[in-house]
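For reference, the structure I am asking about is given below.
The values are calculated or read from the model by the stated rules, or taken from the named source; none is laboratory data. Remember, it's a predicted structure, so these values are computed and weren't measured experimentally. Cβ atoms come from the backbone with ideal geometry, glycine included; neighbour counts cover every protein chain shown. For the accessible areas, the whole protein counts, side chains as well, though only heavy atoms, and no ligand, DNA or RNA atoms are used. Shrake-Rupley method; radii C 1.70, N 1.55, O 1.52, S 1.80 Å.
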There are 2 protein chains.
Amino acid sequence: MEENTPAIAIAKAARSAFEKSQLLLASERVTALHEIRKGLEASKDAILAANKQDLELAQVEVDAGRMSGSLLKRLDLNKGDKWDSMLQGVVDVANLPDPTGRVTYASELDDNLELYQITCPIGVLLVIFEARPEVVVNIAALAIKSGNAAILKGGKESSNTAVLLSQAIQRALARTSLPDTYIQTIQTRAEVSSLLELDRYIDLVIPRGSNSLVRNIQNNTRIPVMGHADGLCHVYLDESADVEKATRVVVDSKTDYPAACNAAETLIVHEALLQSVWPKVARALLEADVQLLCDSATLHALSTLSPPPSNLSARVHLSTPSSYTTEHLTLTLSVVALPSLAAAVQWINAHSSHHTDAIVTESEEAASLFCRGVDSAGTFVNASTRFADGFRYGFGTEVGISTGKIHARGPVGLEGLVIYKYILRSKGEQGHVVGEFGVGAGKKKYKHADIMAASLPF
Amino acid sequence: MEENTPAIAIAKAARSAFEKSQLLLASERVTALHEIRKGLEASKDAILAANKQDLELAQVEVDAGRMSGSLLKRLDLNKGDKWDSMLQGVVDVANLPDPTGRVTYASELDDNLELYQITCPIGVLLVIFEARPEVVVNIAALAIKSGNAAILKGGKESSNTAVLLSQAIQRALARTSLPDTYIQTIQTRAEVSSLLELDRYIDLVIPRGSNSLVRNIQNNTRIPVMGHADGLCHVYLDESADVEKATRVVVDSKTDYPAACNAAETLIVHEALLQSVWPKVARALLEADVQLLCDSATLHALSTLSPPPSNLSARVHLSTPSSYTTEHLTLTLSVVALPSLAAAVQWINAHSSHHTDAIVTESEEAASLFCRGVDSAGTFVNASTRFADGFRYGFGTEVGISTGKIHARGPVGLEGLVIYKYILRSKGEQGHVVGEFGVGAGKKKYKHADIMAASLPF
């Protein structure tokens, strides 16, 4: 017999909430989202007071040098329009099209025997993320909209805020037909460890954080993991690259928001460009105060320039092998020269985190080979890696950017939180049995006639 | 530095073969399939000789009581039309529509900036399966057609046959533009264990076998696992069930092919049917020589019949709790009476392997609640669970039947072996950068205009 530990109680409650919700109409989930927005607004003062507590505790950590100032800033829920856009986000998700109940395949197998593949929720999600407290609300909204129950674990730095957000969400759910255990939050790593054992109740783990967080979870669970980890993105300047496109794309990919996972970390330069395009691109990068970690070929090309770039010795250094496996997340860019497109594709497949990689080229053939050959979620031509984003792609919102290759890849919208099931309905007078089909006299043959239907006709 | 163990060499060769194949046209993979069919035909005598060896070794095991006669029969590649249908299967797969390169989402983000989501292979598959040697050829064909490299591990009982099949496939590949390491086979569990460590090279593990095989693999790898495990399928006779439909669906679900994963293992009878429909269904099952493991209510209903069924004492027994968690795979059926549809749905969600479950009902509402409430890959109305099958669904062929809820669920066709990537192309004169978009004067807005395209226009 299974013991009834706290983790099992949480997981069972989530599973039971999911199963009950399956019998409700999707419109009730939309109602719940509006109720949550109202509940958060009503609890605004208390939530911001808890957030102030988190900020004060964080300030102590920053003062002691145990936390970065940029992390502290990300905790602040009262900064700029953050609160309002968090609430607007809930409404936006409520207004997105329902990702469930869509017929994605339908076939008449026999007279009066109809098969429908329809999208449906996955079940119970365990979502583990870092710092920013508003993610609790974002993820809760996405889970509810897609019909999944969720257990959420945020960063300990925002735990006071997360508790209040979670209570407001549960009180709002209690006023709807959805169970209030549809969204639960947990606080400790020990709870996470216990939940990772419970593949009987939990269908998917979504960790958003560092590579090591994702790998650690993958190492410790049978539950499928949809990892949202590092972005080690490349820009490759092809032999035929236009110098202006090259400069604009490289500078934007590196400097538009260096801390983002879709920022470029490595620049690959075709050897033919060492004396032409590369110096111009390097000057633009150095003007934008980017530090360059160069291999000997790209370094040599810069040091022989006349006049040499003014901040050459301060901002340009020789790279090491680890330069090319580091997600800098700052104004640092690793640079390497390679002799061919094929070598660049091979380099990227070996070093990239398979997030997003771009080519700058004027050649249709090179563009096509690059997009086919590079095994990444995004392969871009003459466009900044920074475009890799659910909002920019037109998904309205995103769960995160999956670096896995199963189920959902790249920016994951609501579509990434659903799967499908098959519904087979016999309207025959005697029902339908397999024994009547087959080869030989009197046996029926399968029809497999397409059925046109966007939603279930019953 | 990584050691170059035999497993790493195999995994690297597979990854390299996959990456090279990405630069080839899909038509070359079709050519390779035809070449493989020819190669197998040319090696027929040698392969069947190896198969005879496997059969002789298996006979020793059967004689010693260490192997079942039915397993031995499944090893025989020369039985009936097995050889010919194996070869025809390769041609059938070759003739299926290409699952890769299909545009599944396309949006114009800005003038001259086009985003395409296109289907593409997953990468390197590790497929682990049991006994039947022809599965080597089936899976190789499906992997090649979908553009994935594969490493295959079959049952040790068919290892001589598998080696010859594999050699024929590799020799055929060597005559094509695909690398001959596109399909590799391994023989030992130790190799499997080593490969399960190599998430850097292998993208997906597909185990087809028992629950314990699948769980053991899930416990020992970071690589995503698409499990094809047990089928613990239910038929529920609703209060409004028609007796004829009930009898036909239950008998077919249990007896059409009891060893299949889509055969029914448990029958749930609404309590209102105990004196009406249930006795008639039970008589039909007993006539078909099915052994019934009944709870006390369904047992009592049969023992008070007059006249009692003739083989009552021999074929009807009291069930135990484990009866309802056992995949019998024989002519044995567990039976339980429950008081309501809600109780049946709850029972199924707690006991089912989430493979396929059926309701027999005349009520539209009950059918709809059952299909929404039961969290299984297949929810069927008045139709036998035996319809859960890729061929019957119209997929042409199947990798297996996934009991997971991520990526692919239920019968998995070629679609289950692909994922997608995003290709973003700028045709703008200066390329495209994110910094030009945003709020405020002079900033561009995203267009997000649908593009109609079935395949990439470049």
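Bin by bin, in steps of 10 Å, what percent of the Cα pairs in region B:6-219 do you find, going until the bin that has the longest distance?
8, 31, 33, 19, 6, 2, 1, 0
At a Cα cut-off below 13 Å, give the aspartates and glutamates reachable from B:K444, other chains included and same-chain residues fewer than 8 away excluded.
By straight Cα distance, B:K444 reaches B:D110, B:D111, B:E436.
At a 1.4 Å probe, what is the % contribution of carbon and sulfur to the accessible area of the protein assembly as shown?
Heavy-atom surface of the protein assembly as shown belonging to carbon and sulfur, 1.4 Å probe: 52 percent.
Per residue, how many Å² of accessible area does chain B show with a 1.4 Å probe?
Per residue, chain B has an accessible area of 39 Å².
While we're on this one: Please compute the average number of Cβ atoms from other chains found within 10 Å of each residue's Cβ in peptide A:392-398.
5
How much of the calculated P(r) for region A:233-392 lies past 30 Å, in percent of all Cα pairs?
Of all Cα-Cα pairs in region A:233-392, 6 percent lie more than 30 Å apart.
Mind jotting down a quarter of the surface of the convex hull over the alpha carbons of region B:284-344, in square nanometres, one decimal?
4.7 nm²
Which of the three applies to region A:332-458, rounded, prolate or oblate, going by the alpha-carbon gyration tensor with a ≥ b ≥ c and a/c under 1.5 meaning rounded?
Prolate is the answer for region A:332-458, as a/c is 1.5 or above and a/b outweighs b/c.
Now for a different question. Could you grab the relative contact order for region A:233-392? Cα pairs under 8 Å, six or more apart, rounded to a whole percent.
That works out to 33 percent.
Amide H to amide H under 5 Å from A:D230: which residues, 5+ apart in sequence or cross-chain, H placed 1.01 Å off N in plane?
A:N211
For region B:201-285, what is Rg from Cα atoms divided by 2.2 N^0.38 Å, rounded to two decimals?
Working it through for region B:201-285, the quotient is 1.53.
What ranking, highest mean first, results for peptides B:186-199, A:441-454, B:422-435, A:411-424 when packing means the other Cβ atoms within 10 Å averaged over each residue?
A:411-424, B:422-435, B:186-199, A:441-454
To continue, here is another question. I'd like the mean, over residues of A:367-379, of how many other protein chain beta carbons sit within 10 Å of each residue's own Cβ.
Shielding by partners across A:367-379 averages 5.
Peptides A:73-86, A:146-159: what's the order by average Cβ count within 10 Å, highest mean first?
Per-residue Cβ counts within 10 Å, averaged per peptide and sorted highest first, yield A:146-159, A:73-86.
Now a separate question. Where the only charges are on Cβ atoms (+1 Lys, Arg; -1 Asp, Glu), what is the dipole of chain A about its Cα centre, to the nearest 20 debye?
Magnitude of the dipole: close to 920 debye.
Where does chain B land on the Kirkwood hydrodynamic radius, alpha-carbon pairs, in angstrom?
Computed over chain B, the radius equals 24.8 Å.
For chain A, list the DSSP H helices whose alpha carbon atoms reach 24 Å or more along the long axis and whose average Kyte-Doolittle value is -0.5 or above?
A:26-42, A:44-63
Treating cross-link reach as a plain straight distance, find the aspartates and glutamates whose alpha-carbon is under 13 Å from the alpha-carbon of B:K52, omitting any fewer than eight places away in the same chain.
B:D76, B:E157
Over 37 Å, how big is the tail of the calculated P(r) for the protein assembly as shown, in percent of all Cα pairs?
Beyond 37 Å sits 51 percent of the P(r) for the protein assembly as shown.
Determine the equivalent ellipsoid of region A:37-107 by diagonalising the alpha-carbon gyration tensor, then write out the semi-axes as square roots of 5 times the eigenvalues, largest first, rounded to whole Å.
37, 17, 9
How far, in nm to one decimal, is A:A46 from itself in the other copies if the label point is set 7 angstrom along Cα toward Cβ? Shortest first, please.
Ordered by increasing distance: 7.7 nm.
Label-point separation (nm) for A:A9 and A:A42, each offset 7 Å from Cα along Cα-to-Cβ?
2.6 nm
Viscosity 1.002 mPa s, temperature 20 °C: give me the Stokes-Einstein translational D for region A:95-135 in µm²/s, with Rh taken as the Kirkwood radius over C-alpha pairs.
Using the Kirkwood radius from Cα pairs, D works out to 155 µm²/s.
Scan chain A for the residue whose Cβ is closest to the axis carrying it onto chain B, then write down that distance in whole angstrom.
Per the Cβ-to-axis criterion, the result reads A:H407, 2.
What FRET efficiency would be calculated for the residue pair A:A453, B:E364, taking the C-beta separation as r and a Förster radius of 25 Å, to the nearest 0.05?
0.90
Next question. When you count, for each residue, the other Cβ atoms within 10 Å and take the mean per peptide, how do B:201-208, A:303-310 rank with the highest first?
B:201-208, A:303-310
Ok, one more. May I ask you to report, in nm to one decimal and beginning with the shortest, the distances from B:R171 to the same position in the other copies, taking label points 7 Å along Cα-to-Cβ?
7.7
Further question: Percent of Cα-Cα pairs more than 16 Å apart in region A:1-78, please.
71 percent
Which whole number gives the average count of other chain Cβ atoms within 10 Å of the Cβ atoms across peptide A:414-424?
6
Distance cut-off 31 Å, Cα to Cα: go down the list A:K153/B:K12; A:K447/B:K405; A:K427/B:K254 and report the pairs above it.
A:K153/B:K12
List the distances, in nm to one decimal, from the label point of A:P307 to the label points of the same position in every other copy, shortest first, placing each label point 7 Å from Cα along the Cα-to-Cβ direction.
Here A:P307 shows inter-copy label distances of 11.4 nm.
How much mean residue ellipticity at 222 nm does chain A get from its helices, if each DSSP H run of length 4 or more adds -39500 (n - 2.57) and you divide by all residues, to the nearest 500 deg cm²/dmol?
Only helices count here, giving -12000 deg cm²/dmol.
Next question. With a cut-off of 8 Å between alpha carbons and a minimum separation of six or more residues, what is the relative contact order of region B:133-291 in percent?
Dividing the mean separation by the residue count of region B:133-291 yields 15 percent.
Right, something else. Just need the relative contact order of chain B here, percent rounded to a whole number, with Cα pairs under 8 Å and 6+ apart.
Relative contact order of chain B: 19 percent.
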